[in-house]
Amino acid sequence: MKNNEINQNFFIREGEKKDREDIIKLTENIPSVAQFSRGPLFFKKPFIDYLLADDLVSKVVIFESTSGRIAGFAAAIRNPLKFYLRLGLRHPLRVGLIMFFRKAKIFFANFIKKKNISINKVFSEPVWSKSTDKIARVVFIGVAGEFRERGLATELYLFLAKILKKKGCIKIEAHIDGNNPLSLKLHQKTGWKIKKMPEGDYKAALELNNL
């Protein structure tokens with residue numbers, strides 16, 4: 001896979017299966033917009049394996065040029081419904097548990113805050129666009145702590161957007177944790193349209209037609 005130099009210190013390229021262990025280590029040590037990065041290890045490793053193998057997923061990695069250490073990783077899924085159906089057929093129990101605890105977390109967080117939010121609203125999906133090959137959804141973007149504040153997250157998104165546009169995507173969507181102000185700032189800075197959701201998190205969308 002061709003390496004694209006960002007500057008004399010870092011290069012960026014599409015992610016490959018050989019990056020598995022580097023990506024696992026990265027996801028264990030950084031916060032991100034990804035749902036799976038907050039999940040248990042028994043689900044995280046097979047999920048990463050599937051991300052790296054599935055043709056619906058576009059992956060981007062940044063490495064430090066001198067040491068070869070991974071500095072950042074981003075992944076987005078085209079046609080998320082098809083992807084998660086495939087994943088659910090392979091790991092039905094794991095996917096079911098993750099989805100249950102994710103929804104339970106939202107419900108109890110709002111119950112504690114005494115917000116008036118219905119069970120139906122909690123167990124429905126956020127306001128995502130229809131699942132097609134032209135819409136991609138971000139499942140992970142993150143930069144290791146020692147490499148932050150160097151514009152690498154922006155580089156990840158720019159490179160990922162170019163790859164997705166070549167594959168026919170017209171829009172990328174992302175979920176932003178309401179307790180992650182750095183992620184919110186990144187998406188605002190890079191031109192995403194932000195919408196706050198009832199439970200306090202955010203949905204972001206980036207149109208690719210103008211890139």
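The values are calculated or read from the model by the stated rules, or taken from the named source; none is laboratory data. Note that the structure is predicted; figures quoted are calculated from it, not measured. Cβ sites come from the backbone with ideal geometry, for glycine too, and all protein chains shown count toward neighbours.
For Lys18, the conditions (1) surrounded by fewer than 16 Cβ atoms within 10 Å (Cβ to Cβ); (2) at pLDDT 90 or above; (3) within 29 Å of Lys203 (Cβ to Cβ) all hold with the exception of (3).
Might you let me know whether region 32-42 holds any residue that is in contact with a Ser or Thr (Cβ under 8 Å, 6 or more places away or on another chain), under 16 Å from Ala174 (Cα atoms), at pLDDT 90 or above and of a type outside the set (Asp, Glu)? There is no residue in region 32-42 that is in contact with a Ser or Thr (Cβ under 8 Å, 6 or more places away or on another chain), under 16 Å from Ala174 (Cα atoms), at pLDDT 90 or above and of a type outside the set (Asp, Glu).
For region 125-132, indicate whether the set of residues that are at pLDDT 55 or above, assigned to a helix (DSSP H, G or I) and surrounded by fewer than 20 Cβ atoms within 10 Å (Cβ to Cβ) is non-empty. First the steps, then the outcome.
Taking region 125-132 as the starting set, the residues that turn out to be at pLDDT 55 or above are 127-132.
Okay, now just the ones that are also assigned to a helix (DSSP H, G or I), so none.
Within region 125-132 (the criterion being at pLDDT 55 or above, assigned to a helix (DSSP H, G or I) and surrounded by fewer than 20 Cβ atoms within 10 Å (Cβ to Cβ)), the answer is no, since none of the residues qualifies.
Name the single residue, out of those in region 4-15 being touching a residue at least 12 places away in the same chain (Cβ under 8 Å) and assigned to a loop (DSSP other than H, G, I, E, B), that is surrounded by the fewest Cβ atoms within 10 Å (Cβ to Cβ).
Across region 4-15, the extreme among qualifying residues is Gln8.
Taking region 178-211 as the range and being exposed (fewer than 14 other Cβ atoms within 10 Å of the Cβ), within 16 Å of the chain's Cα centre (by Cα) and closer than 25 Å to Arg78 by Cβ as the test, only Ile194 passes.
The criterion of at least 1 residues that are free of Cβ contacts under 8 Å to residues at least 24 places away in the same chain and over 26 Å from Glu5 (Cβ atoms) is met by the following strands (runs of 3 or more DSSP E) wholly inside region 136-211: 193-196.
Taking the conditions (1) touching a Phe, Trp or Tyr at 6+ places or on another chain (Cβ under 8 Å); (2) exposed (fewer than 15 other Cβ atoms within 10 Å of the Cβ) in turn, His175 satisfies each one other than (2).
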